[in-house]
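Just below is one structure, and these are the notes that go with it.
The values are calculated or read from the model by the stated rules, or taken from the named source; none is laboratory data. Computed from a predicted model, the values in this text were never measured in an experiment. With ideal geometry, Cβ positions are generated from the backbone for all residues, glycine too; neighbour counts draw on all protein chains shown. Heavy atoms of the whole protein, side chains included, go into the accessibility calculation; ligands, DNA and RNA do not. Shrake-Rupley method; radii C 1.70, N 1.55, O 1.52, S 1.80 Å.
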Amino acid sequence: MTPIKIESITKSFHGETAVDAVSLDLASGSFTALLGPSGCGKTTLLRLIAGFERPDAGRILFNERTISDARAVVPPEERNVGVVFQSYALWPHLSVAGNVAYPLKMRGVGSAEIERRVAEALATVELGGFDARDTADLSGGQRQRVALARCLVAEADVIVFDEPLANLDVHLRAAMLETFRQVHRATGRTIVYVTHDQAEALALADRVAVMDHGKLLQFSTPEMLYRAPATGMVARFIGRGGVISAEVTPNEPGRSRVICGQTSFFARSQGQPQGPADVLLRPEALRLVDAGSGGIAGLVRRSTYHGPAYEIEVAVAGGRLVVDAPHALALGSPVSVAVDDAWVVPDPKSS
Ligand SMILES: Nc1ncnc2c1ncn2[C@@H]1O[C@H](COP(=O)(O)OP(=O)(O)OP(=O)(O)O)[C@@H](O)[C@H]1O
Ligand SMILES: [Mg+2]
């Protein structure tokens with residue numbers, strides 16, 4: 001399979017930088033999600049990887065071979081990349097089987113083999129028996145699976161997805177997530193998956209690349225992204241929680257003391273930061289305790305029902321926290337929050 005190396009790739013449109021010196025090493029057979037807010041450069045980076053755009057600077061290597069730099073770009077059809085976009089781009093005049101068979105026909109593969117490989121690919125995406133169906137008569141999710149089968153049959157070493165689930169309802173999304181996972185497990189292709197849905201990214205990918213304003217902010221496992229975000233933007237963008245400004249003093253390597261109002265608590269940290277810092281507190285590591293029993297003092301600012309629990313927003317010294325509670329709390333009531341775990345967001349100036 002194909003490892004992808006992206007070296008300081010930059011792309012501007014009309015003087016505006018869409019992708020800004022991004023470097024990424026994607027292992028062969030890895031599943032990488034590109035995550036970030038609208039306009040941060042995800043699609044542009046994906047199009048650079050697939051060969052639809054030429055970079056202004058930097059280069060991209062497939063299998064240690066340069067396939068894109070500022071001088072030349074190997075076109076998509078010559079770099080063995082399969083592309084699944086949000087709009088499925090199926091041929092409307094061809095049946096399901098006709099669509100999936102298309103890349104093989106173009107290559108002059110024999111009809112018996114085409115039939116066998118198309119049946120295999122349709123079975124992988126759980127569309128066995130749909131061969132003769134008109135693609136116009138399929139649901140959105142089924143069309144997406146036809147597009148996926150077409151990539152599989154073409155034996156693309158690399159498959160790139162651009163928000164493939166954005167049009168689908170919650171149940172279909174869950175079913176498709178499972179299909180993507182199975183296809184990845186079964187085929188070992190190198191997959192790059194663009195989404196702005198963090199739940200999708202965390203659930204699917206081995207590693208997630210978070211982008212903002214064209215820059216790569218963090219590239220790590222979903223768990224590290226959640227537990228130890230590298231910047232304030234990542235801390236706020238991923239998962240629920242509150243980021244407060246506080247004073248931090250060193251305790252031991254990897255652990256700091258955070259002073260918040262009249263109290264203090266321990267937090268995980270990178271090295272031994274000292275001075276003012278942003279501190280991330282996740283709701284599952286916070287508990288409401290009796291006022292005066294040592295937690296962070298605060299006032300209830302919001303109380304919203306979120307499925308099984310109430311999400312309580314608490315104003316404290318330095319910011320706002322989010323805590324889950326089994327019942328609603330009156331706005332303005334004084335509360336105390338005990339901290340089991342927290343993370344000192346690294347200071348960009350000190351790294
Ligand atoms: N062909 C183009 N011409 C001019 N500007 C472009 C072009 N393609 C992208 N851009 C600009 O580059 C920036 C990044 O766009 P991109 O499509 O990569 O964002 P994105 O992260 O995929 O956003 P979204 O989540 O909304 O799809 C945006 O400011 C966009 O307007
Ligand atoms: Mg996009």
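Structure notes:
- Among the residues of region 35-52, those identified as on the phi < 0 side of the Ramachandran plot and more than 8 Å from ligand 1 (Cβ to nearest atom) are LEU35, LEU48, ILE49, ALA50, PHE52.
- Which numbered condition GLU178 misses (of (1) open to solvent by 40 Å² or more (accessible area, probe 1.4 Å); (2) modelled with pLDDT under 95; (3) not assigned by TED's automatic domain parsing to the domain that holds LEU122): (3)
- Every residue from region 181-206 that is of a type in the set (A, V, I, L, M, F, W, C), under 17 Å from GLY82 (Cβ atoms) and open to solvent by 10 Å² or more (accessible area, probe 1.4 Å): ALA186, LEU204
- Filtering GLY98, GLY15 for residues that are open to solvent by 20 Å² or more (accessible area, probe 1.4 Å) and either assigned by TED's automatic domain parsing to the domain that holds VAL160 or within 21 Å of ARG189 (Cα to Cα) (or both) leaves a single hit, GLY15.
- Residue in region 314-351 that is farthest from ILE259 (Cα to Cα), counting only those that are open to solvent by 30 Å² or more (accessible area, probe 1.4 Å) and outside any loop (DSSP other than H, G, I, E, B): ASP324
- Taken over region 35-72, the criterion of being over 16 Å from LYS5 (Cα atoms), within 16 Å of ligand 2 (Cβ to nearest atom) and of a type in the set (Gly, Ala, Ser) is satisfied by GLY36, SER38, GLY39, GLY41.
- Scanning region 153-177 for residues that are farther than 23 Å from PRO3 by Cβ, in a loop (DSSP other than H, G, I, E, B), away from ligand 1 (no atom under 16 Å from the Cβ) and among the aliphatic types (A, V, I, L, M) turns up just one, LEU168.
- Only one of SER23, SER8 that is in contact with a strand residue (DSSP E or B) (Cβ under 7 Å, 6 or more places away or on another chain), away from ligand 2 (no atom under 13 Å from the Cβ), assigned by TED's automatic domain parsing to the domain that holds ALA203 and in contact (Cβ under 8 Å) with a residue 60 or more places away in the chain: SER23
- Strands (runs of 3 or more DSSP E) contained entirely in region 192-275, each with at least 3 residues that are within 21 Å of the chain's Cα centre (by Cα) and within 16 Å of ligand 1 (Cβ to nearest atom): 207-212, 215-220
- For region 207-229, filtering for residues that are of a type in the set (Gly, Ala, Ser) and surrounded by 21 or more Cβ atoms within 10 Å (Cβ to Cβ) leaves 2.
- The set of residues in region 230-244 being in contact with a Pro (Cβ under 6 Å, 6 or more places away or on another chain) and surrounded by fewer than 19 Cβ atoms within 10 Å (Cβ to Cβ) consists of ARG240 alone.
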